[in-house]
Amino acid sequence: MFKTMFWIALLLALFAALPSSAQLKVNDISMREDRGGTDSIATVALLPDSAFVPIPNGLSAGFTRSVHWLRVKAQAPQGASGDWWLEIHPGYLDEIRLYAPDPARPGQFIERRTGDIFPFSQRESPYRGFLFRVTLTENELHTFHIRLQTTSTSLMMLKIWPVTHFYAAVFGEYALLGAALGLLTIILLINLIYWWHQRDSVILQYIAYIAAALINSIFVQGFAAQFLLPDSPALVNDLQNVSSFLMTAAAGRLYQSVLMIERRHLLLRPLYITMTALPLLLMVAIPLGYFTEAQRIVIAYAMFMTPVSLLRSLQLLRHSIAGGAALVVATMSSVVAIALATSQLLGFFSHNFAILHAFLIGIIGNVIALHLAIGARTRAEKILHQKMAAHAQQSETRAESEMRAREEQANFISMITHEIKTPLSSIAAAADAMEILVTNVSADVTKRLDRIRKGVLRVNSIFDRYLQMDRADNARLLPNFQLHSLHDVIERAALQHPDSPNRLRVHPTQDVDLVCDADLLATAILNIIDNAMKYSPADEPVDLTTALVHGEQIVIEVIDSGPGIHVDQRETIFHRYIRSPEHVSVPGIGVGLSLVRTIAAIHHGSVTALDSDGGGARFRFTLPLSGGNEMSGIDS
């Protein structure tokens with residue numbers, strides 16, 4: 001940042017240090033305002049000096065439609081009598097008339113005209129500003145009158161040069177201005193190439209701003225009139241005015257982006273939208289002849305927005321936003337450039353020729369700082385994108401590893417289930433055959449055979465639960481959501497429990513269709529039913545009810561008449577492998593209710609344990625009718 005500020009200051013110093021030792025300093029300048037534009041050289045020349053206001057540093061009257069008369073007095077230094085150039089800036093003044101005494105006709109004046117409303121070929125010398133050749137002698141004080149009428153700002157700065165020294169100074173001036181405009185062009189081309197590869201909207205807005213600033217500078221510095229459209233002064237004048245408005249509009253849109261002005265900024269966002277839209281709307285004033293009034297409005301609004309932008313950039317810097325320091329430098333450059341240029345245009349104070357170039361130098365500083373700010377932000381976004389891509393790659397790798405591990409686990413469980421269930425089936429079949437083949441089986445033998453069958457069923461139940469857990473874990477990644485009838489799913493669950501015909505009482509509401517994984521949902525309902533029957537007395541029924549809530553949710557409740565669930569345990573019972581220490585005698589391994597919660601989560605639903613009104617526990621299973629839509633894309 002300090003390097004950028006150093007180069008900007010150096011550029012300003014170079015402009016200030018342009019060859020000036022050969023200049024004849026013009027101190028005796030005075031001004032008279034002609035509001036109606038009715039005065040003529042005949043009347044003005046007769047006025048005493050007291051009728052004029054001294055302006056030793058040049059004219060600075062701001063945007064006005066008044067005509068201004070300048071009385072300039074100069075005398076050649078000792079030994080320097082001869083022809084001199086009277087140099088007038090800036091180069092966008094409409095009409096300048098110089099009146100010099102006519103030596104052949106005492107009391108009469110020779111009138112010469114120039115200005116940007118005349119073709120460039122009519123100028124006395126090919127120069128971006130305005131030149132008049134005048135004759136000065138060392139023993140006489142010469143008086144000249146200048147009449148200025150312009151639709152742009154009424155600003156005029158004068159220098160008088162020996163003809164032999166003027167062109168050396170012009171060479172250095174053109175070289176510096178060419179370097180400044182060349183720098184803007186290089187930055188523009190670099191960002192065009194960068195945008196072509198990145199297609200970033202902020203970079204495109206930045207390009208539009210640079211292009212508008214470059215075009216406006218070419219017109220304001222007089223190069224368009226001299227080199228591009230020398231025979232089209234009206235077109236040059238209109239294009240210069242248009243480029244001025246376009247630059248302000250482009251700046252408003254760019255700063256809205258780089259200062260991160262979003263929809264939530266209810267005050268700032270309309271301000272920047274206005275900064276973009278106002279100059280575009282006021283461009284209709286150019287062909288109507290009201291550019292002076294429109295430009296006054298645009299400049300006033302731009303002056304108001306520069307400190308706003310500076311405060312916003314300081315806020316971003318305080319929050320350590322990437323490129324925040326460069327944004328502060330950019331907005332400070334704008335503040336200085338616009339303040340100097342605006343004070344110059346509106347006539348707030350007098351000027352010198354270095355100040356005349358301050359706006360261009362401020363624009364260059366602003367463009368360079370914005371380039372650094374956008375570059376820093378782009379690099380930060382690129383790093384963030386790389387980190388996100390790396391994180392996504394890691395997540396994908398972990399997901400693939402998890403999928404492979406689940407496949408291996410599923411294969412292992414399937415193999416071990418087959419290897420264990422086969423002999424269990426043989427044991428159960430042998431117990432049944434023994435009871436059939438052996439006559440007169442004693443009660444003790446029958447009791448032992450029942451214990452064998454129950455042991456086989458319990459081991460089978462354990463493996464079934466593990467298979468269900470594995471199925472639910474896999475369903476988190478690949479759920480099979482389809483449209484199913486609620487009654488069909490409940491019936492599927494009830495048929496899988498051997499005690500359902502005798503103890504389960506179902507109280508359904510009207511049947512509804514819902515999007516779900518039917519196998520998983522039936523497993524969840526079966527586990528709740530099984531849990532209720534295990535903890536209820538063997539001769540007590542278990543009730544299952546359903547309800548449709550607001551046409552969007554299904555609530556399934558299973559109510560038992562067991563001992564109920566203590567408040568402190570109503571959450572922990574849904575954790576895997578957790579069982580109540582008070583009921584260790586009840587068969588189970590602590591995975592059933594955990595499996596229910598997993599299945600509820602897969603369906604974007606929930607399960608909770610509550611007290612039953614008549615004692616016992618009530619499990620409430622809630623799920624949306626379209627619980628699987630987000631994952632499967634099924635239209636319910």
Excluding same-chain residues fewer than 8 positions from Lys73, which aspartates and glutamates have a Cα within less than 13 Å of its Cα? Asp28, Asp49, Glu138, Glu140
Give the ranking of Tyr272, Tyr301 by solvent-accessible surface, highest area first, calculated with a 1.4 Å probe. Tyr301, Tyr272
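Evaluate the charge dipole of the range 511-579 about its Cα centre and quote only its size in Debye, nearest 20, assuming +1 on the Cβ of each Lys and Arg and -1 on the Cβ of each Asp and Glu.
Numbers: 4 positive and 13 negative charges, 79 e Å.
Roughly 380 debye, rounded to the nearest 20.
Run the dipole for the range 110-223 about the Cα centre, Lys and Arg Cβ at +1, Asp and Glu Cβ at -1, nothing else charged, and hand back the magnitude in debye, nearest 20.
Numbers: 8 positive and 7 negative charges, 38 e Å.
Here the range 110-223 has a charge dipole of around 180 debye.
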So how much slack lies between Tyr290 and Glu407, counting 0.36 nm per residue of separation and subtracting their Cα-Cα distance, in nm? 34.3 nm
Tell me, what is the per residue accessible area of the range 137-262 in Å², probe radius 1.4 Å? 41 Å²
Gyration tensor on Cα atoms of the range 34-128, a ≥ b ≥ c root eigenvalues, a/c under 1.5 rounded, else prolate if a/b beats b/c, else oblate, says rounded
Full-extension gain in nm, Val549 to Leu189, via 0.36 nm per residue minus C-alpha separation: 123.3 nm
Heavy-atom accessible area order for Thr164, Thr572, largest first, 1.4 Å probe: Thr164, Thr572
All aspartates and glutamates inside 15 Å of Lys387 as judged from Cα atoms, apart from same-chain residues fewer than 8 positions distant: Glu396
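Please report the net charge: other residues with Cβ closer than 15 Å to the Cβ of Arg147, K and R +1, D and E -1.
Details: positive: Arg32, Arg35, Arg65, Arg71, Arg97, Arg112, Arg113; negative: Glu33, Asp34, Asp39, Asp94, Glu95, Glu111.
With Lys, Arg at +1 and Asp, Glu at -1, the net is +1.
The values are calculated or read from the model by the stated rules, or taken from the named source; none is laboratory data. All values reported here derive from a predicted model rather than from experimental measurement. Positions of Cβ are generated from backbone atoms using ideal geometry, with glycine treated the same way; all protein chains shown enter the neighbour counts. Just so you know, the surface numbers come from the protein's heavy atoms only, side chains and all, with ligands and any DNA or RNA stripped out. Shrake-Rupley method; radii C 1.70, N 1.55, O 1.52, S 1.80 Å.
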